[in-house]
Amino acid sequence: IGMPGMDGFEVARQIRSKSENDNIILIALTGWGQAEDRSRTREAGFDHHLVKPADITALQSLLVAAAN
């Protein structure tokens, strides 16, 4: 999420701005986990928000669900 130049929020917004990307699932993997942080990722277009270090079982479940 926090990157120099274009941050992950802007990347998500740009991905979501194109209709051909409607089926893409975006997962925020970040060190920020407060309610405000989760709200910001949701508003930017992320489908899920995981806090580092991510629970591998939760990540696997999201990936399996995305593949189906």
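The values are calculated or read from the model by the stated rules, or taken from the named source; none is laboratory data. Just so you know, these numbers come straight off a predicted model, no measurement behind them. Heads up, the Cβs are rebuilt from the backbone with ideal geometry, glycines too, and the neighbour counts pull from every protein chain shown. The area values use the complete protein model at the heavy-atom level, side chains included, leaving out ligands, DNA and RNA. Shrake-Rupley method; radii C 1.70, N 1.55, O 1.52, S 1.80 Å.
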Inset, instruction - Between beta-carbons, use under 13 Å as the cut-off and find the net charge around THR30, counting Lys and Arg +1, Asp and Glu -1. - result: +1
Inset, instruction - Leaving ligands, DNA and RNA out of it, report the carbon-plus-sulfur percent of the accessible area of the chain at a 1.4 Å probe. - result: 53
Inset, instruction - Would you mind checking which residues have amide H under 5 Å from HIS49's amide H? H placed 1.01 Å from N; only 5 or more apart, or other chain. - result: ALA28
Inset, instruction - Can you check what the net charge comes to around THR41, using other residues whose Cβ is under 15 Å from the Cβ of THR41 (Lys, Arg +1; Asp, Glu -1)? - result: 0
Legend entry - Helix-only CD estimate at 222 nm, as mean residue ellipticity for the chain, using -39500 (n - 2.57) per DSSP H run (n ≥ 4): -13500 deg cm²/dmol
Legend entry - Potential extension, ALA54-SER17 segment - 0.36 nm per residue separation minus Cα distance: 10.6 nm
Inset, instruction - Give me the accessible area per residue for the chain, probe 1.4 Å, as a whole number in Å². - result: 70
Legend entry - Net charge contributed by nearby residues that have their C-beta within less than 15 Å of VAL64 (K/R +1, D/E -1): -2
Inset, instruction - Place a +1 charge on the Cβ of each Lys and Arg in the chain and a -1 charge on the Cβ of each Asp and Glu, then give the dipole magnitude about the Cα centre in debye, rounded to the nearest 20. - result: 0
